[in-house]
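Asks: Questions regarding the structure given below will be posed in turn.
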Amino acid sequence: MQGRLSNRARPLCLTAVLWLCGVALLFLIKAVIESVDGPIGETWIDLTLVLTAYLFFFLLAPLQNWISHRSRKRERRKSRSHQTSE
């Protein structure tokens, strides 16, 4: 039990992981586009990536709620199956 995160730390870690994955994905997309087309600073592609990052920032809370809901649902199913098997 000591290795598990507390209930308060889980949402923070989940948000941090989602944010880091999203930012890493956007930088990866930018690097791929720059390797193919050349520098994209101050172009419509750069603006699109910035707006996508902005949109992703507002989608973090709904994503976090959806993942949290699914994990709670999974835990309830797991606890029910353990109760019926005993």
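None of the figures in this text is laboratory data; all of them are computed from the coordinates on show. Not measured: the values here are computed from a predicted model. Glycine also receives a Cβ, built like all others from the backbone with ideal geometry; neighbour counts cover every protein chain displayed.
Asks: Which ³J(HN,Hα) values in Hz, rounded to whole numbers, follow from the phi angles of segment 42-53 under the Karplus curve 6.51 cos²θ - 1.76 cosθ + 1.60, where θ = phi - 60° and Gly and Pro get x?
Replies: These are the phi-based 3J(HN,Hα) values: 6, 10, 5, 5, 4, 4, 4, 5, 5, 5, 5, 4 Hz.
Asks: Taking Cα centroids, how far is segment 40-86 from segment 16-31 in Å?
Replies: What the calculation gives is 14 Å, centre to centre.
Asks: Sticking with this one: Per residue and in Å³, how big is the convex hull formed by the alpha-carbon atoms of segment 15-80?
Replies: For segment 15-80, the hull spanned by Cα atoms encloses 85 Å³ per residue.
Asks: Place +1 on the Cβ of every Lys and Arg and -1 on the Cβ of every Asp and Glu in segment 15-80, take the dipole about the Cα centre, and give the residue among S79, P39, N65 whose Cα lies farthest towards its positive end.
Replies: S79
Asks: Hey, another quick one. Lys and Arg at +1, Asp and Glu at -1: add these up for the other residues within a Cβ distance under 11 Å of I45 and post the number.
Replies: Net charge in that neighbourhood comes out at -3.
Asks: From the backbone phi of segment 59-68, what are the Karplus-calculated ³J(HN,Hα) couplings (6.51 cos²θ - 1.76 cosθ + 1.60, θ = phi - 60°) in whole Hz, Gly and Pro given as x?
Replies: 8, 4, 5, x, 5, 5, 5, 5, 5, 5
Asks: Hey, can you rank 19-31, 35-47 by average C-beta count inside 10 Å, highest first?
Replies: 19-31, 35-47
Asks: Rounded to the nearest 10 degrees, what's the angle between the helix 9-37 long axis and the longest principal axis of the chain, both from Cα atoms, 0 to 90?
Replies: Roughly 30 degrees, rounded to the nearest 10.
Asks: Per the helix-only calculation at 222 nm, which mean residue ellipticity applies to the chain, given -39500 (n - 2.57) for every DSSP H run of n ≥ 4 and division by its residues, nearest 500 deg cm²/dmol?
Replies: Using -39500 (n - 2.57) per qualifying helix, the result is -30000 deg cm²/dmol.
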